[in-house]
Amino acid sequence: MNEIQKVDFKQKFGFIKMAYAEDLQQLWLLDESTKRLIQYNFRNETTINSYPFDASFDDLTDLLVYENKIYILTKKHIRVYTFKFEKIFEALIENGKRFRRENEFILVITNNSILKYIPEKEMVKIFGDADAQIVDKNTLSYFEIKANKLYLYNLENSKETKLQTEPDQPAPQQKATEQDVEKSAEKPAEPDSPEGKLEKKTQEIEDKNSAESSLQKLIEDSSEVESAGV
């Protein structure tokens, strides 16, 4: 990794708590000493804008500025402000680590989940595993580290199954492909096979009696099929 440029904040600013690189020319700086958000061009070393920002800097973990909105992340909260320091959104989260922006979407990475910000409405969990040590995402897949092993999950399939606002649910233990699952579910048992006969018996029993008698009958018939060597 080659150093392109070194920016010394001490010569121009007070105590910079957090910085966000918007592009290859501009930085957004949170100056804790002056309680200001500063837009700074580090190529020509000039301050473009400066905004009052009298918010708490405690427990701050990340900063992001996008489309005239300021995103502040702490371990326990996400907060969204305008440049007039008007708070337009706030939500509780657990163990917030960093932001990730994908086109117009703002994501929050925590210890064991990935959340998507629905503008001014809510945070939606798009991936999570309570047992994971690390979770992350790229343009192709979600991945997690759990029990010192790396697991990869198909992006589109995970979106269908993981998109939720409910509490954490366990991640799938086996990474069977969607095609394998569908093939297994759609393949009927052969009529003359042991599975087919047992399936037919089961259906007949379920259509006749109550749940209790059906279960007893199924056990008896299963034993008959096994003893007959079918």
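The values are calculated or read from the model by the stated rules, or taken from the named source; none is laboratory data. Predicted, not measured: the structure shown is a model, and the values here were computed from it. Because the Cβ atoms are built from the backbone with ideal geometry, glycine has one as well, and the counts that use them run over all protein chains shown.
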- Of residues in segment 125-157 being in contact (Cβ under 8 Å) with a residue 24 or more places away in the chain and either in contact with a Cys (Cβ under 8 Å, 6 or more places away or on another chain) or loosely packed, with under 14 Cβ neighbours inside 10 Å (or both), the one nearest to Leu107 (Cα to Cα): Thr139
- Selection over segment 69-104 where residues are within 17 Å of Tyr20 (Cα to Cα) and part of a strand (DSSP E or B) yields a count of 17
- Message: Checking the conditions here, which among Ile70, Ile106, Ile93 is assigned by TED's automatic domain parsing to the domain that holds Tyr142 and more than 28 Å from Phe143 (Cβ to Cβ)?
- Response: Ile70
- Note on the structure: A careful count of residues in segment 1-22 that are farther than 20 Å from Leu73 by Cβ and surrounded by fewer than 12 Cβ atoms within 10 Å (Cβ to Cβ) gives 9
- Which of the residues that make up segment 23-47 are loosely packed, with under 15 Cβ neighbours inside 10 Å and either more than 22 Å from Asn68 (Cβ to Cβ) or aromatic (Phe, Trp, Tyr) (or both)? Ser33, Arg43, Asn44, Glu45
- Note on the structure: If we ask which residues in segment 45-60 are part of a loop (DSSP other than H, G, I, E, B) and either more than 21 Å from Lys84 (Cα to Cα) or of a type in the set (Gly, Ala, Ser) (or both), their number turns out to be 4
- Message: Here is a check on your reading of the model: is Ser50 surrounded by 13 or more Cβ atoms within 10 Å (Cβ to Cβ), in contact with a Phe, Trp or Tyr (Cβ under 7 Å, 6 or more places away or on another chain) and among the polar types (S, T, N, Q)?
- Response: no
- Task: From (1) under 23 Å from Arg36 (Cα atoms); (2) surrounded by fewer than 16 Cβ atoms within 10 Å (Cβ to Cβ), pick out the condition that doesn't hold for Glu120.
- Result: (1)
